[in-house]
Amino acid sequence: RELRMAGPSLYYGMNALSHNVIMADRKKLKSANGLYLGSTGSGKSFAAKRELLNVFLTIPQDRSIIVDPMGEYAPLVRRLGGQVVEIAPGSPSHINPMDIQLDLDDDESPLSMKADFLLSLCELVVGGKDGLQPIEKTVIDRCVRLIYRDMALGLGDGKPPLLQNLYEELLKQPEPEARDVALAIELFTEGSLNTFAKPTNVDTNSRILCYDIRDLGRQLLPVGMLVVLDSVFNRIIRNRRLGRSTWVYIDEIYLLFQHEYSANFLFTLWKRVRKYGACCTGLTQNVDDLLQSHTARTMLANSEFLVMLNQASTDRAELARLLNISDNQLSYITNVDFGRGLIKCGSAIVPFMDHFPKNNLYRLMSTKPSEADAAV
């Protein structure tokens, strides 16, 4: 079977059976979202960078955003003239979790969406097995609407509030539960983990934007991932308003499913972005960890674009059951070399191979230490 979609398309390698080129346009699918799945050394990250590079070279009006927990994309992004935002304690780069886009579609309320996000953020910070209690959710929602009131009405300087404003508004409320929530977020506003308590000071208008969250640390990572996802969604909305599509790449996506709040937020983002002209892409080598999450399995089963490279035996069996892959097709993701596998695009599943010349660009895209070091 061939995979060659009509009209403007991107190159994804050669058909391993016919040796014809594989050309596809994810935007023509019912859902443009997708996943790159492969064990260590299979070429998963390289394949995603290949797509990102093709987008950069052939669709200049589109924008790309990368969430990079391992710091592997910065060299390529910088070489292409993109913006790398290093999010970490002590970093000069800051993202304000209170940033908001007020110009959503008529059927969506930006304040309600921001309130949902901040409820998730506060629930993550407060902790506890039972999460936020009803009274706590009520006072947080009330405070969110109070601190955004002037901005929503077009009053004041138009600047979004800070996490400090939410903290102060919570302390003004009469309910003791409000004070409990305020004390929980104090560490993130006035304490040692105040990385997200400052105004956004990075340029997010570059054609390629990379959020490097490698050095966030264990305590800040769950909060950081949630804040970055919200920032990504804000950028998607802004790009749509400017007539641009957005390609989002989330490396090691299984990390987001280790925390309930970031998993739920990602799931909502995954479903919502199509109407804003975006393609979300997740990458992971830990397919087994991904498949243990019901939310992740749902996302995987509903993704029309998948690139599957070499898989561990247990992962192959799970993928076969979930995606109805035949035994013959499984042979193309069993003990295969770098850059070989299966590509699923809509109803088509095609074996592919991709040989990239080992030039300077290859070394810039490679995650193999010896090859990557040679390009620096």
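The values are calculated or read from the model by the stated rules, or taken from the named source; none is laboratory data. The shown structure was predicted, so the numbers you read here are calculated from the model rather than taken from an experiment. When we count neighbours, we look across all protein chains shown, and the Cβ atoms used for this are built from the backbone with ideal geometry, even at glycine. The protein model used for the area step is the full one, side chains on, heavy atoms only, and it has no ligands, DNA or RNA in it. Shrake-Rupley method; radii C 1.70, N 1.55, O 1.52, S 1.80 Å.
Please work out the average accessible area per residue across the stretch 14-104, using the 1.4 Å probe convention, and give it in Å².
Details: 3220 Å² over 91 residues.
So the stretch 14-104 comes to 35 Å² accessible per residue, rounded to a whole number.
Solvent-accessible area per residue for the stretch 246-312 at a 1.4 Å probe radius, Å²?
Numbers: 2160 Å² over 67 residues.
For the stretch 246-312, the per-residue accessible area is 32 Å².
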Share of carbon and sulfur in the accessible heavy-atom surface of the chain [1.4 Å probe, %]: 49 percent
Angle in degrees between helix 176-189 and the longest Cα principal axis of the chain, rounded to the nearest 10: 60 degrees
Cβ crowding within 10 Å averaged over residues, with 30-36, 202-208 ranked highest first: 30-36, 202-208
Within the chain, helix-based [θ] at 222 nm, where runs of 4 or more DSSP H residues each add -39,500 (n - 2.57), nearest 500: -12000 deg cm²/dmol
Helix axis angle, 221-241 relative to the chain longest principal axis, alpha carbon, degrees: 80 degrees
The stretch 342-366 and the stretch 257-295: distance between their alpha carbon centers, rounded to Å: 23 Å
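Local charge sum around Gln61 (other residues, Cβ-Cβ under 10 Å, Lys/Arg +1, Asp/Glu -1)?
Details: positive: Arg63, Arg207, Arg244; negative: Asp62.
Charge balance near Gln61 sits at +2.
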Positive-pole candidate from Ala16, Ala301, Ser245, dipole of the chain, charges at beta carbon: Ala16
Partners for Lys114 among aspartates and glutamates (Cα-Cα distance below 12 Å; same-chain residues under 8 apart left out): Asp99, Asp141, Asp230
Angle in degrees between helix 44-58 and the longest Cα principal axis of the chain, rounded to the nearest 10: 80 degrees
Relative packing of peptides 337-344, 181-188, 326-333 - highest average C-beta neighbours within 10 Å first: 337-344, 181-188, 326-333
